[in-house]
1. Can you compute the radius of gyration and Dmax for region 6-76, using only the Cα atoms, both in Å?
2. Take the Cβ-Cβ distance between D42 and R105 as r, set R0 to 45 Å, and report the resulting FRET efficiency rounded to the nearest 0.05.
3. Hey, with R₀ at 25 Å, roughly what FRET efficiency would A27 and E75 work out to, going by the Cβ-Cβ distance, to 0.05?
4. Using only the alpha-carbon atoms of region 111-186 as identical scatterers, what base-10 log of I(q)/I(0) does the Debye formula give at q = 0.12 Å⁻¹?
5. Normalised by the number of residues in the chain, what is the relative contact order in percent for Cα pairs under 8 Å and 6+ residues apart?
6. Counting Lys and Arg as +1 and Asp and Glu as -1, each charge on the Cβ, what is the dipole of the chain about the Cα centre in debye, to the nearest 20?
7. So, in Å, what gap is there between the alpha-carbon centers of region 39-115 and region 135-155?
8. Treating the Cα atoms of the chain as identical point scatterers in vacuum, please give the log10 of the normalised Debye intensity I(q)/I(0) at q = 0.10 Å⁻¹, two decimals.
Amino acid sequence: MPRTWLPRAGDILDVLRRMTSKHLDRAAVEELFRLQRRAAIDLMNQVGVTGNRTHGFQVARTSLLSWVEKTFQDESWQLQRRKEAAEELSRSMREVQAVREAMAREGRQPLTFPIVDEFLRATCASLPCSIQIEHGRITIEVDHGSPEDMRQIACQLLYQLAMALNNDPDHFRDLIAAKYSTRASASLPALTSPPHTQ
């Protein structure tokens, strides 16, 4: 279950540090974390529940504070990833819009295709086999469909490749280096022992 409260972890920590109460009940957890009843109970179980059905279940404030601190430290990277994905999507949409406006001014009809999440998150490892990367050469193979279909497929593959190079530069460099090393080794002349003379 996603931690919907994670973006507000800083505020939650501030509240917990300022509180003097030693324990929080389910209603307080619901209000502080803005959770429904079931989600609040799950959170309390993760922290460590004290009490019973008769007197009510609670969590220790200090235990909850430590748990939120650790969870935020361990999972805050997800916030950064979502932020980067949102910024990337916004930037890509602005770029696409700028290109369309420029083409419209020139009287050209832009080629359109859906920009799916698979393209936006492309990496060198996720590229289809129709895109081959080797030292000094990137090959895109389009061998089926009508000329117009092939044109659209080629544009989609080029966009996917561009996103992979942007998202995964280290893997691209490693891949190029590996291909280069393989080609360089293959081009070296074989070393043979000189003929034995008596």
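Readers should treat all values here as calculations from the given coordinates under stated rules, not as data from a laboratory. Keep in mind the model is a prediction, meaning the values are calculated, not measured. Here the Cβ positions follow ideal geometry from the backbone for every residue, glycine too, while neighbour counts run over all protein chains shown.
1. When restricted to the Cα atoms of region 6-76, Rg and Dmax are 11.5, 37 Å.
2. 0.25
3. In this case the efficiency is close to 0.50.
4. Log10 I(q)/I(0), no solvent term: -0.37.
5. After rounding, I find 15 percent.
6. Computed charge dipole of the chain: roughly 820 debye.
7. Value for the Cα centre distance between the two parts: 35 Å.
8. Once normalised to I(0) and log-transformed, intensities are -0.72.
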